[in-house]
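Notes follow once the structure below has been shown.
Please treat every number below as a calculation from the coordinates, not as lab data. Predicted model only: the values in this text are computed from it and were never measured. Glycine gets a Cβ as well: all are built from the backbone with ideal geometry, and neighbour counts include every protein chain shown.
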Amino acid sequence: MMKKSVDSLRLSCGTRQHFERVLVACAGRILGVLAFGSVEPQCSNRQFPFLWVQQSVLGGETWFEVWVSTQRVTVSPVGSLVCAQDDGFIFGGLVLAEDGRDNLEFLAHQGYSAIFDKMDREGYPYLLRVWNYFPGINDTGRELERYREFNVGRHEAFSHKIDRAFEGGVPAACALGTEDGGLVLGFLASRVPGISLENPRQTRAYDYPENFGPKSPVFSRGMLVGNALFISGTASILGSETVYPGDMARQVDEMLINLRAVIKQAATYGFDAYGAEGGCFNVYLRYAEDYPMVRDKLSAEFPAADCRVYLQADICRADLLVEVEAFWIEGI
Ligand code: 3EB
């Protein structure tokens with residue numbers, strides 16, 4: 001019988017030296033890598049999904065987020081979708097180039113459909129986490145803001161897959177701008193369902209009113225699976241509205257209140273994020289100059305965090321100045 005483990009997932013983050021060490025120590029067990037930086041990172045061994053997220057790292061160099069399994073993984077490149085899987089999890093990544101003919105709505109639909117097809121074929125029905133990155137997120141596309149165009153395509157792909165993809169709740173996610181390049185999508189899915197979390201202070205993203213776009217974003221505020229907690233991109237939103245537009249200090253405080261609220265939901269399922277080991281935070285800032293202030297506030301809030309990285313990126317709403325995502329997962 002197929003084993004369905006939920007405790008094989010590990011996360012290890014750091015700069016290049018650390019990454020090189022992980023490559024050696026965890027050879028054959030790497031599920032996937034997200035590499036954040038302005039300059040394309042070199043990676044000799046690409047026997048796993050490797051996603052370059054073209055954003056500048058504040059106060060640092062290229063940052064590698066390495067998803068590792070305790071087991072040997074099987075890698076399968078299918079067209080542009082490269083995946084690695086163990087008994088319990090599948091991680092995949094793809095980059096879709098915009099060539100001027102395809103609009104973002106079409107590409108988002110295409111990308112998500114490829115992900116859902118792969119999950120179906122390999123038998124990992126539960127989508128836990130997705131990563132969404134593309135340039136010009138607040139620019140106007142054909143008619144709509146590009147983030148809204150993206151949402152139309154993503155929503156459509158989910159509607160066609162409502163049977164599978166919604167089982168166990170919609171995934172945790174993030175959606176940020178990049179400096180250049182194509183649509184970068186990453187995903188993590190599992191054989192056993194996770195528990196999707198919402199934030200009582202915020203409207204479910206799926207229920208956002210139409211003034212935020214013709215089709216709503218599809219994500220949950222967090223996902224619990226086995227011994228891991230994924231918290232989605234979290235910003236200064238109360239209900240469905242951005243609060244404190246233009247006021248960075250207040251947006252950071254509101255963001256941290258929302259982060260605590262999701263952590264509290266996880267606690268109702270017995271996950272003690274404040275007591276747990278690990279804790280990796282990715283913080284996205286619209287303006288680099290806000291970095292010291294945000295760093296100080298987050299460090300005061302989570303002094304025991306394993307790692308924090310600060311990235312300069314456009315946030316998916318033009319009035320949002322900051323967003324944080326967090327992972328609590330055992331290290332390697
Ligand atoms: C929000 O709460 C802020 O579109 O996948 C956070 C996490 C946000 C994920 C997504 C968007 C997404 O609406 C933005």
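Running Debye on segment 1-84 with equal point scatterers at the Cα sites and no solvent, what base-10 log of I(q)/I(0) appears at q = 0.12, 0.18, 0.25 Å⁻¹? The Cα Debye sum returns log10 ratios of -0.37, -0.77, -1.28. Once a ≥ b ≥ c are taken as the square roots of the eigenvalues of the Cα gyration tensor of segment 249-324, is the result rounded (a/c under 1.5), prolate (a/b larger than b/c) or oblate (a/b not larger than b/c)? Verdict is prolate for segment 249-324. According to the Kirkwood relation over distinct C-alpha pairs, the hydrodynamic radius of segment 51-121 is 14.4 Å.
Across segment 267-274, coupling constants 3J(HN,Hα) worked out from phi with the 6.51/-1.76/1.60 Karplus curve, θ = phi - 60°, read 5, 5, 9, x, 8, 9, 5, 5 Hz, and Gly and Pro carry x.
For the chain, what number of Lys pairs, 8 or more residues apart or on separate chains, have alpha-carbon atoms under 25 Å from each other? It would help to have the intermediate numbers written out before the result.
Details: 3/118; 4/118; 4/161; 118/161; 118/215; 161/215; 264/297.
Total qualifying Lys-Lys pairs in the chain comes to 7.
How big, in percent, is the set of alpha carbon pairs in segment 31-186 lying more than 20 Å apart?
Values: 5981 of 12090 pairs.
Tail of the P(r) past 20 Å holds 49 percent of the pairs.
Near the amide H of residue 279, within less than 5 Å, lie the amide hydrogens of 306, 329, all on another chain or at least 5 residues away, with H placed in the peptide plane. A crude spin-label estimate for the pair residue 260 and residue 72, with each label 7 Å from Cα along the Cβ direction, gives 4.8 nm.
For residue 61 and residue 253, what is the calculated FRET efficiency with R₀ set at 30 Å and r taken between the beta-carbons, to the nearest 0.05?
Once the sixth-power term is evaluated, E becomes 0.55.
The antiparallel fraction among DSSP beta bridges confined to segment 226-332 stands at about 65%. Let me have the relative contact order for segment 109-230, percent, based on Cα pairs under 8 Å that are six or more residues apart. Once divided by the residue count of segment 109-230, the mean separation gives 34 percent. All other residues whose Cβ lies under 14 angstrom from that of residue 150 are scored, Lys and Arg at +1 and Asp and Glu at -1, for a net of -3. Every helix of 4 or more DSSP H residues in the chain counts as -39500 (n - 2.57), and over all residues that averages to -7500 deg cm²/dmol at 222 nm. Across segment 322-329, computed HN-Hα scalar couplings (Karplus, 6.51 cos²θ - 1.76 cosθ + 1.60, θ = phi - 60°) run 7, 8, 10, 10, 9, 10, 10, 8 Hz from first to last residue, x flagging Gly and Pro.
Against the empirical 2.2 N^0.38 Å (N residues), the chain has a Cα radius of gyration ratio of 0.91. Here's how it looks for residue 31: its modeled amide H is under 5 Å from those of 67, 68, 69, which are all 5 or more places away or on a different chain. Each residue of segment 205-218 was assigned a 3J(HN,Hα) from its phi angle through the Karplus curve 6.51 cos²θ - 1.76 cosθ + 1.60 (θ = phi - 60°); the sequence is 4, 4, 9, 4, x, 5, 5, 9, x, x, 10, 6, x, 10 Hz, with glycine and proline shown as x.
For a quick check of your reading of the filter: which trypsin sites (Lys or Arg not before Pro) in segment 1-109 sit in a DSSP loop and have no more than 15 other Cβ atoms within 10 Å?
Working: sites: 3, 4, 10, 16, 21, 29, 46, 72, 101; in loops: 3, 4, 29, 46, 72, 101.
Here the sparse-neighbourhood loop sites are 3, 4, 46, 72, 101.
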